[in-house]
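Here's the structure we're looking at; comments come further down.
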Amino acid sequence: MNLEDYIRDIADFPKPGILFKDITPLLSNHDALVGCANKLADLSPKDIKVDKVIGIESRGFIIGAMIAERLQAGFVPVRKKGKLPYQVKSKDYGLEYGHDTLEIHVDAIGKGEKVLIHDDVLATGGTANAVCKLVEELGGEVVQCNFIMELDFLNGRDKLTSPVSALVTYE
(Lines give C-alpha, C1' and ligand atoms only; values in the text may rest on other atoms or scores of the structure.)
Protein backbone atom coordinates (compact mmCIF):
# COMPACT_ATOMS: atom_id res chain seq x y z
CA MET A 1 0.00 0.00 0.00
CA ASN A 2 1.33 3.42 -0.96
CA LEU A 3 0.44 5.81 1.87
CA GLU A 4 1.11 8.82 -0.37
CA ASP A 5 -2.08 7.89 -2.22
CA TYR A 6 -3.97 8.82 0.97
CA ILE A 7 -2.27 12.17 1.63
CA ARG A 8 -3.61 15.16 -0.28
CA ASP A 9 -2.17 18.63 -0.77
CA ILE A 10 -4.17 21.67 0.33
CA ALA A 11 -2.74 24.93 -0.99
CA ASP A 12 -2.64 28.06 1.17
CA PHE A 13 -3.69 26.36 4.41
CA PRO A 14 -3.60 27.48 7.18
CA LYS A 15 -2.28 30.65 5.52
CA PRO A 16 -1.11 31.76 2.09
CA GLY A 17 2.11 30.13 0.91
CA ILE A 18 1.74 26.95 2.99
CA LEU A 19 1.13 23.63 1.21
CA PHE A 20 -0.66 21.54 3.84
CA LYS A 21 -0.36 17.75 3.75
CA ASP A 22 -3.83 16.48 4.70
CA ILE A 23 -4.06 12.97 6.17
CA THR A 24 -7.85 12.85 6.56
CA PRO A 25 -8.17 10.55 3.50
CA LEU A 26 -5.72 8.17 5.22
CA LEU A 27 -7.70 8.32 8.45
CA SER A 28 -10.99 7.62 6.69
CA ASN A 29 -9.74 4.47 4.95
CA HIS A 30 -9.63 1.47 7.29
CA ASP A 31 -6.84 -0.38 5.48
CA ALA A 32 -4.67 2.74 5.17
CA LEU A 33 -5.23 3.69 8.82
CA VAL A 34 -4.42 0.24 10.21
CA GLY A 35 -1.52 -0.22 7.79
CA CYS A 36 -0.05 3.13 8.77
CA ALA A 37 -0.33 2.39 12.51
CA ASN A 38 1.24 -1.04 12.04
CA LYS A 39 4.13 0.35 10.00
CA LEU A 40 4.80 3.08 12.56
CA ALA A 41 4.73 0.59 15.43
CA ASP A 42 7.14 -1.60 13.46
CA LEU A 43 9.57 1.35 13.24
CA SER A 44 9.88 1.54 17.03
CA PRO A 45 13.17 0.43 18.59
CA LYS A 46 13.23 -3.36 18.91
CA ASP A 47 15.79 -3.45 21.74
CA ILE A 48 14.00 -0.95 24.02
CA LYS A 49 10.71 -1.38 25.86
CA VAL A 50 8.72 1.80 25.23
CA ASP A 51 6.83 2.88 28.36
CA LYS A 52 4.84 5.77 26.88
CA VAL A 53 3.83 7.01 23.46
CA ILE A 54 3.18 10.72 23.17
CA GLY A 55 0.72 11.94 20.57
CA ILE A 56 0.98 15.60 19.64
CA GLU A 57 -2.23 17.60 19.18
CA SER A 58 -4.26 16.86 17.36
CA ARG A 59 -3.57 14.49 14.49
CA GLY A 60 -0.86 12.77 16.54
CA PHE A 61 -3.52 11.56 18.99
CA ILE A 62 -5.22 9.23 16.56
CA ILE A 63 -2.39 7.02 15.38
CA GLY A 64 -0.30 7.69 18.49
CA ALA A 65 -2.88 5.88 20.61
CA MET A 66 -2.93 3.02 18.10
CA ILE A 67 0.87 2.75 18.30
CA ALA A 68 0.71 2.72 22.11
CA GLU A 69 -1.74 -0.17 22.01
CA ARG A 70 0.52 -2.15 19.66
CA LEU A 71 3.60 -1.49 21.83
CA GLN A 72 1.70 -2.24 25.06
CA ALA A 73 2.62 1.22 26.30
CA GLY A 74 0.70 4.05 27.90
CA PHE A 75 -0.53 6.97 25.80
CA VAL A 76 0.11 10.63 26.69
CA PRO A 77 -1.53 13.54 24.87
CA VAL A 78 0.47 16.74 24.47
CA ARG A 79 -1.91 19.62 23.88
CA LYS A 80 -1.96 23.28 23.08
CA LYS A 81 -2.09 25.74 25.98
CA GLY A 82 -5.16 25.63 28.19
CA LYS A 83 -6.56 22.28 26.99
CA LEU A 84 -5.36 19.92 29.74
CA PRO A 85 -7.30 19.82 33.05
CA TYR A 86 -4.49 19.04 35.53
CA GLN A 87 -1.21 20.72 36.47
CA VAL A 88 0.98 21.16 33.40
CA LYS A 89 4.50 21.84 32.23
CA SER A 90 4.60 24.21 29.24
CA LYS A 91 6.98 24.88 26.38
CA ASP A 92 6.82 27.64 23.77
CA TYR A 93 7.91 26.73 20.24
CA GLY A 94 8.07 28.09 16.72
CA LEU A 95 6.15 26.86 13.71
CA GLU A 96 6.86 27.48 10.06
CA TYR A 97 4.00 30.00 10.26
CA GLY A 98 4.01 31.34 13.84
CA HIS A 99 4.47 30.47 17.52
CA ASP A 100 2.50 28.42 20.01
CA THR A 101 2.69 26.70 23.40
CA LEU A 102 2.44 22.99 24.17
CA GLU A 103 1.57 21.44 27.52
CA ILE A 104 1.86 18.06 29.19
CA HIS A 105 0.56 16.91 32.57
CA VAL A 106 3.31 17.09 35.17
CA ASP A 107 2.75 13.45 36.15
CA ALA A 108 2.49 12.04 32.59
CA ILE A 109 6.10 10.83 32.33
CA GLY A 110 7.99 9.17 35.17
CA LYS A 111 11.71 9.42 35.79
CA GLY A 112 13.60 7.07 33.47
CA GLU A 113 10.60 6.15 31.35
CA LYS A 114 11.32 5.41 27.70
CA VAL A 115 9.18 7.59 25.44
CA LEU A 116 8.31 7.43 21.75
CA ILE A 117 7.00 10.71 20.33
CA HIS A 118 4.54 10.56 17.43
CA ASP A 119 3.07 13.22 15.17
CA ASP A 120 1.67 13.25 11.66
CA VAL A 121 4.35 15.44 10.10
CA LEU A 122 7.90 16.59 10.76
CA ALA A 123 8.26 20.04 9.22
CA THR A 124 10.63 22.57 10.82
CA GLY A 125 11.07 20.42 13.94
CA GLY A 126 9.90 23.07 16.39
CA THR A 127 6.94 21.12 17.70
CA ALA A 128 8.80 17.82 18.13
CA ASN A 129 11.78 19.59 19.68
CA ALA A 130 9.51 21.27 22.25
CA VAL A 131 7.95 17.92 23.15
CA CYS A 132 11.38 16.30 23.50
CA LYS A 133 12.36 19.04 25.94
CA LEU A 134 9.16 18.54 27.96
CA VAL A 135 9.85 14.80 28.22
CA GLU A 136 13.44 15.42 29.34
CA GLU A 137 12.35 18.04 31.90
CA LEU A 138 9.99 15.46 33.40
CA GLY A 139 12.84 12.93 33.65
CA GLY A 140 11.92 10.74 30.68
CA GLU A 141 14.14 9.56 27.84
CA VAL A 142 13.05 10.08 24.24
CA VAL A 143 13.98 6.90 22.38
CA GLN A 144 12.50 7.90 19.02
CA CYS A 145 10.40 10.46 17.20
CA ASN A 146 8.25 9.00 14.46
CA PHE A 147 6.07 10.61 11.86
CA ILE A 148 3.76 9.61 9.06
CA MET A 149 5.60 12.06 6.82
CA GLU A 150 8.69 14.24 6.83
CA LEU A 151 9.08 17.47 4.84
CA ASP A 152 12.80 16.93 4.34
CA PHE A 153 13.36 20.30 2.64
CA LEU A 154 12.54 22.10 5.92
CA ASN A 155 15.39 20.32 7.78
CA GLY A 156 13.33 19.63 10.91
CA ARG A 157 15.35 16.49 11.66
CA ASP A 158 18.34 18.74 12.38
CA LYS A 159 16.60 20.13 15.50
CA LEU A 160 16.15 16.68 17.05
CA THR A 161 18.79 14.70 18.92
CA SER A 162 16.76 11.47 19.14
CA PRO A 163 16.42 8.97 16.29
CA VAL A 164 13.82 10.01 13.71
CA SER A 165 11.69 7.76 11.48
CA ALA A 166 9.08 8.65 8.88
CA LEU A 167 7.02 6.51 6.53
CA VAL A 168 6.87 9.08 3.71
CA THR A 169 9.50 11.71 2.87
CA TYR A 170 8.85 14.75 0.71
CA GLU A 171 12.07 16.27 -0.63
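Of note:
- Beta bridges assigned by DSSP with both partners in the chain are antiparallel in approximately 40 percent of cases.
- Apolar share of the accessible surface for the chain: 48 percent from carbon plus sulfur atoms, 1.4 Å probe.
- Using a Förster distance of 41 Å, the FRET efficiency for ILE18-GLU69 (Cβ separation, nearest 0.05): 0.80
- Packing-based order for 72-79, 30-37, using average beta carbon neighbours within 10 Å, highest first: 72-79, 30-37
- In a simple Cβ point-charge model (Lys, Arg +1; Asp, Glu -1; nothing else charged), the chain has a dipole of about 500 debye relative to its Cα centre.
- Cα gyration tensor, segment 59-154 - rounded (a/c under 1.5), prolate or oblate: oblate
- Heavy-atom surface of the chain, accessible at 1.4 Å and reported per residue (Å²): 49
- Each residue of segment 145-161 was assigned a 3J(HN,Hα) from its phi angle through the Karplus curve 6.51 cos²θ - 1.76 cosθ + 1.60 (θ = phi - 60°); the sequence is 10, 10, 9, 5, 9, 10, 8, 4, 5, 8, 6, x, 4, 5, 7, 10, 9 Hz, with glycine and proline shown as x.
- Positive minus negative residues near GLY140 (Lys, Arg vs Asp, Glu; Cβ under 15 Å): +1
- Placing a label point 7 Å from the Cα of LYS49 along the Cα-to-Cβ direction, the residues of segment 100-123 whose backbone N falls under 19 Å of that point are 109-117.
The values are calculated or read from the model by the stated rules, or taken from the named source; none is laboratory data. Bear in mind the structure is a predicted one, so any value in this text is a computation, not a measurement. All Cβ positions, even for glycine, are placed from backbone atoms using ideal geometry, and neighbour counts span all protein chains on display. Accessible surface is based on the protein model in full, side chains and every heavy atom, while ligands, DNA and RNA are left aside. Shrake-Rupley method; radii C 1.70, N 1.55, O 1.52, S 1.80 Å.
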